Structure formats: structure tokens, C-alpha cells
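Notes follow once the structure below has been shown.
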Amino acid sequence: MTGNRLTASASGLFLHALHNWLQPGSAPAEWRNSRSRVPFAQVVDGFARAADTRLDVGLRFAEHIKPGAFGALGYAAMTCRTLGDVLPLIPRYGKLVFDFGQPIELIQQQADDVTLLWAPEQVAPDLPWSTDHPGFRAVTDSIIGGWYRFGCWITQQCKPPSRVTLRATAPANPQPWHDFFGIPVEFAAPCNSLSFPRSYLELPLAQADSVLHQTLQQQAEALLQDLNKPDLARQVQHALLHCLPLGEATLAEVARQLATTERTLQRRLAEQMLGFQTLLSQTRYQLARQHLANPALSVLDIALLLGYAEQSAFSKAFRLWSGLSPAQYRHSLAATPTHLA
């Protein structure tokens, strides 16, 4: 699978941690399942709503990040012997947190420094968010900041990085970023990166446990193998891509395209704790976001492409999904944040 806007997904555990941090008890219980996946767009939207009042929300979330937010990757990492042993786990199991079809976490080793890069734009250059979109920059901050604070937490030492770069332009008040990392952050940079001295690789981890680590890494490997399989949700989603413009996005039609019966499809979805209406809504939402980024399409055009008979029905559904009207969302894509953190 190549990375693209429609299929990019996130771990439900990460979104669960974000929602419960923003509003304790607000996250659906099903997101706590280690195999739960949600559209990456939902993570961006969750941060975007919080960024309306505070642009540095990604850093604030990163301050409280714990292994559970990273799922199997986080738990396997915390039981390593040293920080250097954690490093190869990040590109190996990073897609358990955010899956773009290809690794978006890269490692560069120089003579004196080691650099971690987070590069979703390289894998999916057609992402519908600008670098300065409040939600997308907050996701980036939460990852770069999360790597840093998670490293502090597992080593029980908070040593400053040697360099931090972010692709987003500098906010009106960059001080919260400088304070968070303890060094001046470079904005409008070519990449999102966190660099630290190679000597940090020898730092021992506070909860190192070789036996437990082996078990947790086996679990991470099993989850990775499951994620790499052509899953049922993705099959249904791709079937819906053909059905929606024709106004035929029904369980019966999708079952026909998948060469099965309605009853069997419902049973298989239930076994994976999925619902047809939920997948339909998620697919429509992701497509709606893509279409709204295209100024050549009117809101009515988009409603028809998504299988709605009336524009009002689409507008009502989109507001439920995003908290914004289609027009407001379209405006937010073009807007550049200027408020203070």
C-alpha cells in the first residue's frame, strides 16, 4: 500500500490518550484496544480544536505522554537496556502509531549526533493540511516533543537535545518551544527533527527488563504483521470508493463487490469490532476533507460525490464529524494561524 490521504491511519490508543488528556473520560472505550485504528485525520482534528485556544497544544500533550500513547512500541521501548537499543524500534514499529503505508520515522547518524526525523510529507506529499495548519503542526509537535519527553521519562534524566528543527513557521511567540526543549528551536526548517549527542545512546533505562522486553517485542511484531495484512476495513473502504459517487453505498452493494453475503460481511465486521455505518462515515469524512481542499468543487458537488441526495444532509453530517461547516473547514485550510501560544 502506498501512503495516501485516504488510508493513513493512527492507533486508537494515541487518540484515546489525546482525548482523555483534553477531556478526561471522553474517549470511546473501543480505542483502548491495541488493534484499534482510526483515520489519521481524526488526530489532526482533535489537535486542531484544542489549538484554537493554544497553538502549543502539541507540546503540552507531549509533556504528559506515557508508553500507553505509543502502544506496543512504547512498552517495548521502555524495557530496553539502553536508549541506543530503543532507536531501531522506532522505524520498525512506528507505523503501529501512525501508518502511512511506508515508514515516516527516519534515523540519521552523524559523527557526533543522532537525528530522528518525522517525515509524513515525504511519504504522502498530497496531504490536505499545510505545514502551518494548527492541527497538523500540533501533531508534529506532539511527536517531536513526545520523543524528547519519552526519552526523559524512560532514562529518568532530562538531558537537552543538541538541535530541534520544525518545518512550521515560527509562531508569534516561540518561547514555549524554546522552553520545552531547553534550546532555541529552528522553525521554517527543511525537516522535522530531533538531534542529540551520540553519548546519550549509552544511557541506561530505568525499567529495563530483558525477559519482559522479548515478550513485548513479540507482541509488537504480531501487531505489525496484522497491520500489514489487507484488512477487512480497508477492503470495505475501497469498495465504498466505487459505490459512493453512484449513490449505492449500501451494505448489500459492498458485500456484492467483496463477493460475500450481507450476513457474512456483518459477522466479519462484528468480529473485528467494526460497524458498516462507522466505516461509511469515516470514508465519507476522509473523502470530504480531500474534496474540500479542491476549490474547483462546490459543496453541492462534494455532497453528490459522497452519495448524499441533498447538500443540507452532507453539511449536517460534516458538522457532526468536524465541529465545522464545510465552508468553515475550507476556510481553515487556507488560513495561517497568527495567534499566540
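Things to note:
Residue-by-condition table, conditions (1) among the basic types (Lys, Arg); (2) closer than 25 Å to residue 13 by Cβ; (3) at pLDDT 90 or above; (4) touching a helix residue (DSSP H, G or I) at 6+ places or on another chain (Cβ under 6 Å):
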position: 214; (1), (2), (3), (4): no, yes, yes, no
position: 229; (1), (2), (3), (4): yes, yes, no, no
position: 244; (1), (2), (3), (4): no, no, yes, no
position: 249; (1), (2), (3), (4): no, no, yes, yes
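- Among residues that are under 21 Å from the mean Cα position of the chain (by Cα), outside the structural domain of residue 55 (by TED's automatic domain parsing) and more than 30 Å from residue 176 (Cα to Cα), residue 298 is not included.
- Filter pass, residue 301 being charged (D, E, K, R), in contact with a strand residue (DSSP E or B) (Cβ under 9 Å, 6 or more places away or on another chain) and more than 30 Å from residue 59 (Cα to Cα): no
- Pairing each residue of the stretch 322-341 that is under 16 Å from residue 286 (Cα atoms) and assigned to a helix (DSSP H, G or I) with any residue that is modelled with pLDDT of 60 or more and among the acidic types (Asp, Glu), provided the two are 6+ apart or on different chains, yields C-beta distances under 8 Å for 322/45.
- If you check 99, 85 for being assigned by TED's automatic domain parsing to the domain that holds residue 42, among the charged types (D, E, K, R), closer than 25 Å to residue 68 by Cα and in contact with a His (Cβ under 9 Å, 6 or more places away or on another chain), only one passes: 85.
- Residue in the stretch 65-80 that is aromatic (Phe, Trp, Tyr), under 15 Å from the mean Cα position of the chain (by Cα), modelled with pLDDT of 90 or more and at negative phi present: yes
- Yes/no for residue 307 being of a type in the set (Gly, Ala, Ser), more than 21 Å from residue 241 (Cα to Cα) and touching a residue at least 12 places away in the same chain (Cβ under 8 Å): no
- Only one of the listed residues (287, 265, 258, 274) is at pLDDT below 90, farther than 28 Å from residue 133 by Cα and crowded, with 18+ Cβ neighbours inside 10 Å. That residue is 274.
- Listed conditions (1) touching a helix residue (DSSP H, G or I) at 6+ places or on another chain (Cβ under 7 Å); (2) under 30 Å from residue 292 (Cβ atoms); (3) among the hydrophobic types (A, V, I, L, M, F, W, C) are all met by residue 123, apart from (1).
- Of everything in the stretch 71-93 that is part of a helix (DSSP H, G or I) and out of contact with any helix residue (DSSP H, G or I) (no Cβ under 7 Å at 6 or more places or on another chain), the residue that is nearest to residue 205 (Cα to Cα) is 85.
- Enumeration of residues in the stretch 21-44 that are part of a helix (DSSP H, G or I) and buried (at least 17 other Cβ atoms within 10 Å of the Cβ): 21, 31, 40, 41, 42, 43, 44
- Any hit, the stretch 31-48, residues being outside the structural domain of residue 324 (by TED's automatic domain parsing), of a type outside the set (Ser, Thr, Tyr) and in contact with an Asp or Glu (Cβ under 6 Å, 6 or more places away or on another chain): no
- Selection of the stretch 105-134 for residues being free of Cβ contacts under 8 Å to residues at least 40 places away in the same chain and either surrounded by 19 or more Cβ atoms within 10 Å (Cβ to Cβ) or within 23 Å of residue 227 (Cα to Cα) (or both) yields 105, 106, 107, 122, 125.
- Any chance residue 202 is among the charged types (D, E, K, R) and closer than 17 Å to residue 59 by Cα: no
- Qualifying residue in the stretch 180-196 (condition: modelled with pLDDT of 95 or more and on the phi > 0 side of the Ramachandran plot): yes
- Residues in the stretch 1-48 that are modelled with pLDDT of 90 or more and among the hydroxyl-bearing types (Ser, Thr, Tyr): 1 in all.
- Filtering the stretch 46-70 to residues that are in a helix (DSSP H, G or I) and free of Cβ contacts under 8 Å to residues at least 12 places away in the same chain leaves only 60.
- In summary, helices (runs of 4 or more DSSP H) completely within the stretch 137-247 and bearing 2 or more residues that are without any contact (Cβ under 8 Å) to a residue 24 or more places away in the chain and under 24 Å from the mean Cα position of the chain (by Cα) occur at 210-228, 232-243.
The values are calculated or read from the model by the stated rules, or taken from the named source; none is laboratory data. Just so it is clear, the model here is predicted, and its values are computed rather than measured. Neighbour counts are summed over all protein chains in view; Cβ atoms, including those assigned to glycine, are modelled from backbone coordinates with ideal geometry.
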